[in-house]
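The values are calculated or read from the model by the stated rules, or taken from the named source; none is laboratory data. As the structure is a computational prediction, the values presented were derived from the model and not from experiment. Cβ coordinates were reconstructed from backbone atoms using ideal geometry, including for glycine residues, and neighbour counts include every protein chain displayed. Surface areas here come from the heavy atoms of the whole protein model, side chains and all, with no ligands, DNA or RNA. Shrake-Rupley method; radii C 1.70, N 1.55, O 1.52, S 1.80 Å.
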Amino acid sequence: MDAKSIGLLEFPAIRARLADHTSFPPGRRLAEALEPSADPVIVRRGLDETDEARALLGERSTASVGAAHDIGPWIERAARGGRLDAEQFLGFAETLDATSRLAGALAEERRPLLHGLAGELHPLPALRSTLARSFDPVGELLDSASPRLGGLRTAVRVAYDRLRRRLDALVQAETASGALQEPIITLRNGRYVLPVRAEARSRVKGIVHDASGSGQTLFVEPLVAVELGNAWREAQVAERAEVERIFDELSALVGAQAAELRETLSALARFDLWAAKARLAAEMDAVRPETVERQDVVLLGARHPGLSGRVVPIDIRLGDGYVALVVTGPNTGGKTVTLRTLGLLALMHQAGLHVPIEAGGRLPVFRDIFADIGDEQSVAQSLSTFSGHLRSIIRIAAEAGPGTLVLLDELGAGTDPTEGSALAQALLDYFIRAGALVAATTHYAELKAYAHTTASARNASVEFDLDTLSPTYKLTIGLPGGSQAFEIAARLGLSPEIVADARSRLTESQQSFEATLASIREAEGETSDRLEQARVAEARAAEALRAAQEERRAARRERDELLRTTRGEAERLVAGLHEEVRATRRTLERETVTARALDAAIARADAELARVPEPEPAAPEPVIADDHHWQLGDIARSRTAGWEGRITALERAGRRATLESGSMRVMIDVADLEFVEAPPAVPAPAEETLAAVWPAGPSRANAVEGRRIRRGREKATPEAADSPTTALRLDRIRTVASSLDLRGARVEEALELLGRYLDDASLANLERVTIIHGVGTGALRDAVRAAAAAHPLVVSARAGDRGEGGDGATLISL
C-alpha cells in the first residue's frame, strides 16, 4: 500500500505503540514491521489473531512469552558448529522454560489459531533437562555437567590448598628475617609470588616474575613452591579442557535441534505480537469492525488513537448511497482530524488491529489508501503550497480506482478561489467516476453547493461553539458547515463597523448563496433531529423487547429448575419408601416382626408417602372469562407474565389480586388474569403403592389393616377405601406442605388462610407444622398464636427456637 500515505496518516506511531507492548526483541521486530494488507484473507486472519489473543488474556492475564530470549543468532552459531558460552546456554534454558509454560497454557486451547500455534512450540524436554543439570540459575557450570568435572575441580582445590599453605609458611619465615617488602602473597602472570626486597634477593631462592616500578621490590616465586604451583596449573588446564569439551558437546546438542528451535522462536514471536495487539486494543478500548466486501464505511463513535485527554467521538459514514464526503467548517474545528481518523482506522483494520470505535462499525478491505494532508511546500524544490498539493494529487489520480480510499485536505486551496474551487469540483467528479471513495475538506462555498446538488456526494460539517469560541469537534453528515469568519471576528472584539463593512462587501449572489446554505442547514438539521428521535425510540423499543424476553427466559429457567428439583426429591423419597417396604417384607418373611415393629414400619412408609409430590399434570387449557367473579382460592394465570397460582387476597374493590405459588407472591390486576380449572385429583391409594413392591398375601393384608386401624379410618372394607373421604384425604397427603408463610398478609386474610391450612394439615395427618409470620410490629404474630391456641385441632403452639425461626415463627402440634 502507498507508503507515503501510511506515513501521513501516522500509522508508524501506532506501530511504535504496538511495539511497546511486546515482551522480547523478536516480537518487537514483528510489530515494527507490521504493514496494512490489501488481501481480505490476511486481514481477517490478523483480526482473528487479535480476537483470540484478547479472549485468552481475558481468561489468563499471565499468559506470555515470559523470560524468553532472542536465541536466533545463537541457534545459527550452534548450527554452524560454533561453541556457545555459559550465558547463551542459560538463555536457551530460560527460553525453553517459557516455551513449556506457554505450551501448557495453550495445550487445551480450543480457539483454532492458538491451538495451531501450540503445535509449533517445542519445549524439548531432553535439552531442557540437560541444561538444567549442567548450569545453575546464574549460568555457572555445575559439577554434575559431566562425570569427570567434579573430580577435576576437586583436584584443583586440593592443589591450590597445598600451594597456599606452603606460601603462608614461607611468608611467616621470611617476614621474621626482614626479606619481604610486605607479608602478602600476590599473583604475577598466573603464578603466586612473594614481594621480596631487592637487596634481600639472594636470601629467597626462586624465579623472578616481575619488579616494581622503582625496582625496590622483586616478585619472586620461591623454588619450594614451583612444583606445587605447577601441579595447581596442570589441574586448572585439565579442568578448562573438560569445560570446553562440555561446551562443545552442548553446542552440538543445540545445533542438532536447530529446526525445532527456529520454529519455537518464530511461534513465540508471533504469540508476543498477538498478545501486543490484544493489549493495544484493550488500552484503546477498541473493537473489531465487521469486514465487508462492498465499499461501505460505517464508523460509530470513532476516536483518533493519537489524541489524548477528552476525545469527542465522531460518526463517519461513506459509501452507502454516496461515495464522496465534503467536510466544511471553521479552522481548528476538526476537519483534518476527521480525515486522519478515517484513514488511520482503515489502515489499522487492514493491519489486523482492533479500532477505537463503538460496536456496529463496518470497514471494507481497500486495495489502497491515498492521502494528501499537510503543507507540501518546499523552498529547496521551488514548490509552493498549491504546487506541492497538486503533485501529490496527480500521483493519486493516476492510481485511484475501485477499491481505493482517497483523502484530500483543503482541496483546491493555495490558488485563486474561483479557479481552485472549479479544479476541486473537477477532481471530485473524476474520483467519483473512477469508483473510489473520497473524503475532502474545504472552505469553498461552491463545493458545499456541489455536494448538495451531486447525487453521489454529501456535505458534512464540524460544529463550532460561538459562545465559547471553541470547536465541539462533532461531525454532522448531511449539513454544510460555515467558516464563521464574521462571527468569530466580532466575538474576538473586532470593531462592529469593520465587520458590517465586510458583510456589505459580499455580492448579492454570495449573500443569497449563504442564505440558501443556512436554510439547507436548518432543514437538514430538523430532519436529522427527527431521525435521531426515531432511532432513540427504536432503540428503547428494542431494549424493552429484549428485557421482556429475558424476563420470560429467566422465569422459564426458574420453573424448569423447580421442576427438576421437585422430581429429584420425589424420586429420592419413592426410592426410600421402596427400600423401607422391602426391608419390612424381608422381616415379615423371616416371621420375626412384632406388632410394634409393623406399626413403626408402616408409620415411616406413611410419612414418606405424605412427602411424595404429585406428578405434574398436563397444563390445562386456560378458560378465558373476562367477567369471571374472582374468589379467594381460585386458580388463575397472568396473560402477560405467565405467573400461575392460587388467589390469596383481593384488594382495591376486587381490582387487584395476590397470586401465591409456593413461597412466591405477586400482585396483578384482575383484568390480566385468566381462570384455570383445577387439575383433577389422580387417586393413588397407598395400597397400590405397596402392591407395586409387596406381593399380595397375609403379610401385606396385615400391614394395610394395621395402618387403617392406626390412622383411625373406617373399618377396612373395599367400600371404605373407595369412599370420597378417603380420596380427599389421599389428595391432601399429596399437596399439603409442612409450613405456611403468612408474611405480608393482613391479619384477617392470614387468619382465614391459617384456619384452612390447619384443617388441611390435620386431614394430611401432619403431626407438627410451622407457621412463618415474621416479627414486625407483633400484631400478626399475636393474632396467629391466639387463633392457634383456640383451634380445636391444635394440641400446643410455641415460638420457634433459634434454629427454627425464633420469634418470627410458631410451631404447632396437631
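Among the residues of the range 322-368, just one is of a type in the set (S, T, N, Q) and touching a His at 6+ places or on another chain (Cβ under 6 Å), namely THR341. Open to solvent by less than 50 Å² (accessible area, probe 1.4 Å), assigned to a helix (DSSP H, G or I) and at pLDDT 60 or above: is that true of ALA610 in this structure? When the stated conditions are applied, ALA610 does not pass them.
Looking at this structure, is GLY803 open to solvent by less than 20 Å² (accessible area, probe 1.4 Å) and farther than 18 Å from THR648 by Cβ?
Working: open to solvent by less than 20 Å² (accessible area, probe 1.4 Å): no; farther than 18 Å from THR648 by Cβ: yes.
When the stated conditions are applied, GLY803 does not pass them.
Applying the selection to the range 318-377, what residues are of a type in the set (S, T, N, Q) and over 25 Å from SER37 (Cα atoms)? Those that are of a type in the set (S, T, N, Q) and over 25 Å from SER37 (Cα atoms): THR328, ASN331, THR332, GLN377. Which residues, counting only those in the range 450-478, are aliphatic (A, V, I, L, M), at pLDDT 80 or above and out of contact with any Phe, Trp or Tyr (no Cβ under 7 Å at 6 or more places or on another chain)? Correct list: ALA451, ALA455, ALA460, LEU475, ILE477. Figure legend. Inter-residue proximity from the range 23-49: first residues under 21 Å from VAL365 (Cα atoms), second residues open to solvent by less than 50 Å² (accessible area, probe 1.4 Å) and of a type in the set (Asp, Glu), beta-carbon distance below 6 Å, spacing 6+ or different chains. No pairs are indicated. Just one of the listed residues (GLY72, GLY66) is on the phi > 0 side of the Ramachandran plot and of a type in the set (Gly, Ala, Ser), namely GLY66. Please work out if SER134 is at pLDDT 90 or above, within 30 Å of LEU90 (Cα to Cα) and surrounded by fewer than 19 Cβ atoms within 10 Å (Cβ to Cβ). Spelling it out, it is not the case that SER134 is at pLDDT 90 or above, within 30 Å of LEU90 (Cα to Cα) and surrounded by fewer than 19 Cβ atoms within 10 Å (Cβ to Cβ). One residue alone among LEU766, LEU811 is at pLDDT 90 or above, more than 26 Å from ALA657 (Cα to Cα) and surrounded by 18 or more Cβ atoms within 10 Å (Cβ to Cβ), and that residue is LEU811. Can you find a residue in the range 245-265 that is in contact with an Asp or Glu (Cβ under 8 Å, 6 or more places away or on another chain), crowded, with 23+ Cβ neighbours inside 10 Å and aromatic (Phe, Trp, Tyr)? No, because not a single residue in the range 245-265 is in contact with an Asp or Glu (Cβ under 8 Å, 6 or more places away or on another chain), crowded, with 23+ Cβ neighbours inside 10 Å and aromatic (Phe, Trp, Tyr).
Are there any strands (runs of 3 or more DSSP E) wholly within the range 139-226 with 2 or more residues that are open to solvent by less than 70 Å² (accessible area, probe 1.4 Å) and touching a Lys or Arg at 6+ places or on another chain (Cβ under 9 Å), and if so which? So that I can check it myself, show each step before the final result.
Values: elements: 186-188, 191-197, 206-211, 217-222.
Passing ranges, in order: 191-197, 206-211, 217-222.
Sub-6 Å Cβ pairs linking a first residue in the range 641-653 that is within 22 Å of GLU551 (Cβ to Cβ) to a second residue that is at pLDDT below 75 and of a type in the set (S, T, N, Q), at least 6 apart or interchain, are GLY645/SER661, ordered by first then second residue. With respect to the stated conditions, ALA68 fails to be open to solvent by 20 Å² or more (accessible area, probe 1.4 Å), of a type in the set (A, V, I, L, M, F, W, C) and not in a helix (DSSP H, G or I). For LEU30, the requirement of being in a helix (DSSP H, G or I), over 15 Å from ALA346 (Cβ atoms), open to solvent by 40 Å² or more (accessible area, probe 1.4 Å) and modelled with pLDDT of 95 or more is met. With respect to the numbered conditions (1) modelled with pLDDT under 75; (2) touching a Phe, Trp or Tyr at 6+ places or on another chain (Cβ under 9 Å); (3) in a helix (DSSP H, G or I), which one is the sole condition not fulfilled by GLY482? Status for GLY482: all satisfied but (3).
Criterion applied to GLY46, GLY58, GLY104 was being assigned to a helix (DSSP H, G or I), open to solvent by less than 20 Å² (accessible area, probe 1.4 Å) and either modelled with pLDDT of 95 or more or more than 13 Å from ALA267 (Cβ to Cβ) (or both), and the one residue passing it is GLY46. Inside the range 1-15, residues that are of a type in the set (A, V, I, L, M, F, W, C), in a helix (DSSP H, G or I) and open to solvent by less than 70 Å² (accessible area, probe 1.4 Å) make up a count of 5.
The condition of being of a type in the set (Lys, Arg), modelled with pLDDT of 90 or more and either on the phi < 0 side of the Ramachandran plot or surrounded by fewer than 21 Cβ atoms within 10 Å (Cβ to Cβ) (or both) holds for only one of ARG503, ARG433, ARG491, that being ARG433.
Might you let me know whether the range 255-262 holds any residue that is in a loop (DSSP other than H, G, I, E, B) and either within 33 Å of the chain's Cα centre (by Cα) or within 30 Å of GLY104 (Cβ to Cβ) (or both)? The answer is yes; a qualifying residue exists.
Once the range 305-320 is narrowed to residues that are in contact with an Asp or Glu (Cβ under 9 Å, 6 or more places away or on another chain) and part of a loop (DSSP other than H, G, I, E, B), the residue that is surrounded by the most Cβ atoms within 10 Å (Cβ to Cβ) is PRO305. Within the range 311-338, residues that are acidic (Asp, Glu) sit with their Cβ atoms under 8 Å from residues that are open to solvent by 20 Å² or more (accessible area, probe 1.4 Å), at 6+ positions apart or across chains, in these pairs: ASP315/LEU300; ASP315/ILE477.
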